[in-house]
1. Any residue at all in segment 227-246 that's at pLDDT 90 or above, closer than 24 Å to residue 324 by Cβ, touching a strand residue (DSSP E or B) at 6+ places or on another chain (Cβ under 7 Å) and not in a strand (DSSP E or B)?
2. What helices (runs of 4 or more DSSP H) lie completely within segment 125-201 and have 2 or more residues being modelled with pLDDT of 90 or more?
3. Under 36 Å from the mean Cα position of the chain (by Cα), at pLDDT 90 or above and surrounded by 14 or more Cβ atoms within 10 Å (Cβ to Cβ): which single residue out of 386, 352, 339 fits that description?
4. Scan segment 389-400 residue by residue and report those that are surrounded by 16 or more Cβ atoms within 10 Å (Cβ to Cβ) and modelled with pLDDT of 90 or more.
5. Take residue 384 and tell me if it is touching a residue at least 40 places away in the same chain (Cβ under 8 Å) and either assigned to a helix (DSSP H, G or I) or farther than 21 Å from residue 185 by Cβ (or both).
6. Output the residues belonging to segment 95-124 that are in a loop (DSSP other than H, G, I, E, B) and at pLDDT 90 or above.
7. Would you mind telling me which numbered condition in (1) in the same structural domain as residue 186 (by TED's automatic domain parsing); (2) closer than 22 Å to residue 402 by Cβ; (3) in contact with a helix residue (DSSP H, G or I) (Cβ under 8 Å, 6 or more places away or on another chain) residue 335 fails?
8. Considering only residues that are assigned to a loop (DSSP other than H, G, I, E, B), under 21 Å from residue 127 (Cβ atoms) and either touching a strand residue (DSSP E or B) at 6+ places or on another chain (Cβ under 8 Å) or not assigned by TED's automatic domain parsing to the domain that holds residue 130 (or both), which ones fall in segment 50-84?
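The values are calculated or read from the model by the stated rules, or taken from the named source; none is laboratory data. A quick note: this is a predicted structure, and the numbers were derived from the prediction, not measured. Cβ: placed from backbone, ideal geometry, glycine included. Neighbour counts: every protein chain shown.
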């Protein structure tokens with residue numbers, strides 16, 4: 001009698017499992033060409049998850065486009081598309097989900113290959129058992145949660161480039177050279193700004209602001225390498241397009257900051273802040289440099305951090321300091337500005353940066369200025385660039401000619417902040 005299986009224990013185990021799976025907002029998409037299978041799976045899962053279902057792989061793809069699907073539970077052998085073929089197309093729509101395949105066929109070798117490639121999490125052989133199904137689905141949801149946390153902390157681009165998607169292979173000291181652009185964004189006057197806030201309010205402000213900007217970086221094929229408290233650092237490395245991507249992103253970030261100010265930092269003081277000063281608009285400075293960096297893992301076996309290192313990063317940081325000194329919003333390496341000539345910019349020339357022996361050719365990007373100011377700057381851009389070229393000449397006569405011409409321009413165009421700041425900057429920077 002000791003060898004007889006106690007089915008009451010199995011029932012108790014299933015009940016315990018079911019009670020541990022609380023009803024959640026997690027969404028499952030069931031795909032099977034046999035309606036009775038769809039109904040059976042839906043009945044099993046609908047008490048614990050939000051269930052979408054269809055008998056058509058093509059309709060499944062449409063559902064994924066319009067719904068936030070966490071887990072896809074699909075049959076393998078279906079008309080029109082195999083389950084694995086459908087999941088390949090799902091990847092083109094969204095990778096923020098996890099997949100399980102149900103199959104009654106002996107094609108396990110192909111499915112194991114798909115598991116190794118990360119296309120599916122597990123496969124279950126029909127006929128499936130209720131307890132096993134619930135367990136595997138819960139495990140898949142747990143893995144999805146962990147993966148989402150990791151993706152929020154470590155950009156997919158880092159994992160894919162260093163470890164071909166297998167983060168568990170991460171070891172300190174691993175690195176890879178990248179040709180890329182490096183973008184720094186700085187919140188101007190950040191220290192003075194947060195001094196007027198309680199710590200919780202300062203944290204909420206930063207979260208609100210970077211949450212607004214971060215999607216623009218992803219949209220322009222970049223990723224945030226790190227948040228810096230008073231700004232961020234982003235990398236763009238899409239082959240043959242990273243210069244254009246980063247410059248377009250800088251323009252978008254500036255425009256989004258203007259919109260953020262309109263929504264969050266303008267208008268009357270709300271009732272819950274009655275008696276306080278109106279919030280001042282946020283101002284940002286952006287720099288972009290181009291070159292080679294090392295993307296790698298540093299630290300120890302107990303804790304690894306991912307970052308990019310190299311002189312390209314250091315120069316980008318120094319260029320960002322230049323935006324403050326010159327009163328400009330966006331300064332980039334000359335190569336980057338040349339990648340999109342239609343974006344309004346002007347050559348500042350070869351600048352000696354703090355702590356750097358080599359000079360760097362940089363441009364002022366003024367495409368985000370209001371139309372009247374932008375057109376004004378375009379009208380005297382040739383004169384400005386000629387004066388700046390003279391300014392850095394080794395011949396003192398030519399250099400003095402450049403200074404004189406810049407002084408004339410600054411007197412005639414007093415709303416040009418770069419011209420006004422150049423006076424002070426030239427007093428602090430040796431010429432020649």
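1. yes
2. On the way: elements: 130-153, 156-163, 190-195.
Helices (runs of 4 or more DSSP H) meeting the threshold: 130-153.
3. 339
4. 390
5. No, not satisfied.
6. 97
7. Unmet condition: (2).
8. Once the filter is applied, which keeps residues that are assigned to a loop (DSSP other than H, G, I, E, B), under 21 Å from residue 127 (Cβ atoms) and either touching a strand residue (DSSP E or B) at 6+ places or on another chain (Cβ under 8 Å) or not assigned by TED's automatic domain parsing to the domain that holds residue 130 (or both), segment 50-84 yields 55, 76, 77, 78.
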